[in-house]
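Please treat every number below as a calculation from the coordinates, not as lab data. These figures come from a predicted structure and were not determined experimentally. Glycine also receives a Cβ, built like all others from the backbone with ideal geometry; neighbour counts cover every protein chain displayed.
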């Protein structure tokens with residue numbers, strides 16, 4: 001049996017305790033070494049962050065001016081009111097007066113002051129009167145900082161070009177968004193100290209510093225603005241365009257409208273307008289539809305306005321000559337199982353007449369001789385199917401299907417602007433090439449950008465403007481097509497007579513396109529009426545496109561959009577001094593659009609240019625002709641004014657229309673005519689049509 005082991009004595013326990021203490025001291029030393037040597041930098045930064053608070057104040061933005069220096073947008077200094085409720089609680093008896101001074105609800109103010117935070121905003125960008133009223137209350141811990149407020153002195157004028165910025169002064173739409181990086185000033189950062197309990201000290205005692213977008217400190221004074229921009233827009237002309245477009249949309253009872261006015265020699269946009277519009281000082285008050293820049297975000301079928309591009313291509317490719325003629329099949333032309341219709345049963349038409357009378361069959365035959373490859377490549381050269389790269393956000397490319405997949409009917413419909421879509425800015429730019437000798441310029445809005453140090457960021461000189469330009473047709477072709485477009489407006493029988501103006505020759509083309517129903521994918525009864533052209537025809541100063549979306553009073557581009565073109569273009573040329581003084585004086589003598597003014601008399605067409613008349617069929621055939629686009633009269637002569645059809649039966653109305661040389665574009669309902677469009681007495685030319693509304697009884 002082994003003897004029992006006795007407990008260790010005091011002399012034996014001492015070495016054990018000493019060893020344990022040494023081990024503990026070694027661990028402590030290692031931890032101290034880690035904290036003081038290895039983790040020193042990280043812990044120092046962490047301690048600094050615990051005792052500092054950083055507040056970023058909105059960066060100031062550079063101003064936006066029109067081409068003559070008028071201010072479109074600027075940033076003004078505004079006081080922002082703050083409080084330090086944790087360190088300096090605001091007594092309840094003072095709060096009602098404070099809420100009244102700030103113009104904020106008492107409940108909102110109480111919620112912020114009861115938050116126990118070290119720093120809270122009571123009101124950002126207050127007025128000076130509000131800041132003064134708060135200062136007079138002399139409340140401990142409440143102060144103000146200089147902040148920026150974006151203001152738009154022109155109001156709604158130029159809204160879709162300039163755009164607007166958000167509450168943080170970051171660009172949201174338009175030029176404000178496109179050049180946000182240039183206009184945004186260096187961000188200002190305010191650093192505050194915290195006490196041992198983590199409470200933020202008042203901002204008035206903080207150090208102020210300024211950093212750039214990369215977080216680097218700057219030596220310049222805080223709250224400096226970013227780059228200032230000068231646009232190509234003329235604010236006065238922009239206001240005129242918006243006013244006339246709004247009047248045109250209202251008179252047509254339309255859904256919306258767009259106008260683009262550009263300099264064909266440079267591609268500079270002189271004015272760009274949309275209806276409806278909005279005030280960038282209060283963008284939230286308008287819906288998304290009002291803020292949408294339809295000139296670049298909406299694509300539409302151009303209709304007959306594209307016939308000028310088809311004609312230019314045929315002349316350029318030499319598949320047709322300006323002296324050639326084409327047989328227009330008496331109003332009906334079959335392509336496979338499809339039938340192309342004209343509004344009138346034309347026979348032989350010369351190339352200029354095809355444009356003047358807007359013959360679908362004529363351009364379809366010209367396109368067939370041209371071929372899909374040459375026409376498709378020409379559309380690409382003119383910029384259709386791709387973005388123009390105009391300096392506005394949200395631009396779409398439109399839709400032009402690859403020409404290799406076109407069937408013969410696609411080539412035909414594409415010749416008169418159906419089956420493809422373009423944007424207003426694309427179409428205006430393409431007509432710019434027709435107006436300036438065949439050079440397609442990139443449309444643009446920015447002329448010059450200068451940063452706050454005076455450094456030029458962009459200055460469009462001739463060399464830079466030419467860099468985005470290309471010759472798409474020869475000057476000879478451009479002149480030939482321009483002469484044809486002049487006939488549309490200036491010659492009797494042209495569809496654009498209502499664009500005619502005193503003292504200046506105008507060249508242009510009407511367009512009336514069906515809208516596609518987004519639900520069914522098929523064409524609807526709604527129309528897009530447009531007119532695009534340039535003036536003076538021999539040396540164009542401006543190209544102008546006007547598009548009226550879903551007009552209700554009349555539907556044709558020649559009746560709805562052409563008068564708006566005339567009003568805008570005449571005023572634009574007056575500002576340049578491009579019209580004789582007598583014409584300008586006559587124009588300004590009638591400032592109210594409500595005063596009717598007859599269009600100048602058309603130029604007499606050369607002999608044998610009027611389309612050949614056809615015999616009138618019987619009443620049964622008349623109804624069939626009306627369904628496919630109408631019928632000309634026996635003699636083809638202009639009757640001067642649209643007759644009244646009210647009270648007639650449909651049969652009698654069709655017979656009267658045939659006798660008068662008018663087309664019945666559409667007959668809605670049954671019974672007797674209750675209303676008509678255009679109204680009786682409206683001046684007319686060959687090519688005009690009438691829409692009838694019938695009801696069972698009058």
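Tabulated data for the structure shown
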{"item": "Between segment 285-362 and segment 117-169, the Cα center-to-center distance that results, in Å", "result": "54 Å"}
{"item": "Length gained when the stretch residue 243-residue 116 is fully extended (0.36 nm per residue, less Cα-Cα span)", "result": "40.4 nm"}
{"item": "Global geometry of segment 283-353, whether rounded, prolate or oblate, following the gyration tensor of its Cα atoms and the 1.5 cut on a/c", "result": "prolate"}
{"item": "Peptides 404-415, 249-260, 311-322, 276-287 ordered by average Cβ neighbours within 10 Å, highest first", "result": "249-260, 311-322, 404-415, 276-287"}
{"item": "Alpha carbon convex hull of segment 225-344, volume per residue in cubic angstrom", "result": "232 Å³"}
{"item": "Gained length - residue 525 relative to residue 387, 0.36 nm times residue gap less alpha-carbon distance", "result": "46.8 nm"}
{"item": "Segment 225-254 residues near the modelled residue 666 label - backbone nitrogen below 19 Å, point 7 Å along Cα→Cβ", "result": "249-254"}
{"item": "Mean shadow area of segment 451-571 over all directions, Cα convex hull, nm²", "result": "12.5 nm²"}
{"item": "Global geometry of segment 365-491, whether rounded, prolate or oblate, following the gyration tensor of its Cα atoms and the 1.5 cut on a/c", "result": "prolate"}
{"item": "Protection proxy ranking, peptides 380-390, 265-275, average beta carbon neighbours within 10 Å, highest first", "result": "265-275, 380-390"}
{"item": "Most to least packed among 491-501, 288-298, 112-122 [average Cβ atoms within 10 Å]", "result": "491-501, 288-298, 112-122"}
{"item": "Exposure proxy order (Cβ contacts within 10 Å, fewest to most) of 520, 146", "result": "520, 146"}
{"item": "Global form of segment 235-588, assessed from the alpha-carbon gyration tensor, a/c cut-off 1.5", "result": "rounded"}
